[in-house]
Every structure is written in C-alpha cells, then in structure tokens.
Amino acid sequence: AATAGQTYFRASMDGCVAYMNTNRIPKMVQNRVKTWYNYTWTAQGMLDESELLDKMPLVMRTAIAVDINLATFQKIDLFKGCDQQMLVDMLLRLKSIIYLPGDFVVKKGDIGKEMYIIKSGAVQVVGGPDNSIVFVTLKAGCVFGEISLLQSAKDGGNRRTANVKAHGFANLFVLEKKDLFDILIHYPESQKVLARKGRKLTKAKAAPAKTDAKKEEKPKGAFLFETKPPTPKLLKVFGRLKKN
Ligand SMILES: Nc1ncnc2c1ncn2[C@@H]1O[C@@H]2COP(=O)(O)O[C@H]2[C@H]1O
C-alpha cells in the first residue's frame, strides 16, 4: 500500500500535470517538470523541505540545520572569518532546490538576487558560442553566484558575470540576497569581511586592460568572460574563493 507521503507526492504531481495540460504547456517542458518531480522525490523523499521545517519551533529547526549543514559551511572559504552565529542564521534561511541536467541556474547579464552553495552534484561555468566552453566545474561545497551579490551596484557589479549550468542533477542551496543582507545588519564585522572579499573581486575585474605587448602574459586555460578575459589577479582571487 502507498504511504501517506507517496499519496501526497502523486497528488502533487497529478495536480501539476493537469495544470500544465489546461495551460497547453509544451510536452518537452512537461517532461522536464515530471523528471524534476520524480528525481526530487527519489533524492530527498519530499518535495519541499521547508514545508516540514517551518512548522517546527526555532530551537529544533536550528538543531537540525546545524547538524546537517554547519560543517559544510565552515569549510567554505568565502565565509572564513565570519561570525559562527551568522553562519547559523544563514543556514536557517537556506532553501534547497534541484536543477535538472543542462538547466541554467544563472544567466550572464541578469541581475543577481541570490547565491548558491552546491549540496551535491556539480555545475559548470560556461560561455562562448553555444556555451560550449567550460570554464570551470564546481562540485559539492562550492559557492557560486556570489560575485553579483557582493560587488556594489555602483561598480555595475550586480549583474551575473557568467552562465552557470547544472552538470547532471544538481542539488543546491539558495540564499537570497535580501536574506543575506538582513542577516549582515546584525554582524557588522562579518559584513566587513564579506565586503572586503567583494571589493577584491571588483578591483580584480576593474584592473586596467592589457596592452598588446603584454598579451602573452594572459593566463592560459579556463576563463569565463566572453567579452573581456579575466585578469591574473581575478583568477587568483577565484582560486582562493573556490578552494575548499
Ligand atoms: N572563473 C571563474 N571561476 C569560478 N567561478 C566563476 C568564474 N567566473 C564566474 N564564476 C561564477 O559564476 C557566477 C556567475 O554569477 P555571478 O557573477 O553572480 O557569480 C559568478 C561566480 O560565482
């Protein structure tokens, strides 16, 4: 016999399929939605974690969030030097989301409103014609989408600097910019730490363009900017931020 959970899952998916049929959603999109339902159900045994957690008292939610994710967060270089309590506050705001293989998580040029931490699976920073150039593959514990959040808007820095695509199924944490900034109000020291890291990225990006004579000094290998290659300094900053 089906468990209550399975019955709920079926009802949700059937409801969604009926909704898509009513609205004549193309079959291709429908198939992806169904795949998402099935994968999400299989991977985590529920469709919406927050539905379950939101009902609990804060003390229990905190205990669960700390138990599951604090260790991962303490290893993230971007958050090194930040207040522990701030990390816990962040854990409580995270939403979990699954992307399908090939889905774009972030589109270059869009305004960044959230950042991501990879729970499991991988994403690729891509560019070039047909996004065929893979600049870097990021795995569990890596952060992305942080640049457009941490750079100040006056530097034109609130735009996504690259395309990021799910490489296989990608299970991600999402932290909204609004939530991050609400939290940081209470932690001025951590705010300074993150602002400093953001400025480093901005400065590295704004470094003067190379003259032709210096062109051969350009770093070889992966870089992401379709219009402007990253400066060596930017690559160095990335190296530090991404290494976990
Ligand atoms: N060279 C790179 N190495 C690693 N990650 C990158 C690189 N370029 C861009 N990214 C990530 O891709 C993201 C695109 O959105 P953001 O600009 O908000 O934040 C960016 C970084 O997290």
* Those residues that are buried (at least 21 other Cβ atoms within 10 Å of the Cβ) and at pLDDT below 95, I need them from segment 160-171; list them, please. => Thr161, Ala162
* Could you run through segment 122-154 and say how many residues are touching a Gly at 6+ places or on another chain (Cβ under 9 Å), in contact (Cβ under 8 Å) with a residue 60 or more places away in the chain and open to solvent by less than 20 Å² (accessible area, probe 1.4 Å)? => 1
* Is one or more of the residues making up segment 110-119 surrounded by fewer than 14 Cβ atoms within 10 Å (Cβ to Cβ) and within 28 Å of Thr42 (Cα to Cα)? -> no
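The values are calculated or read from the model by the stated rules, or taken from the named source; none is laboratory data. Just so you know, these numbers come straight off a predicted model, no measurement behind them. Backbone-built Cβ (ideal geometry, glycine too); neighbour counts: all protein chains shown. With ligands, DNA and RNA removed, areas are computed over all heavy atoms of the protein, side chains included. Shrake-Rupley method; radii C 1.70, N 1.55, O 1.52, S 1.80 Å.
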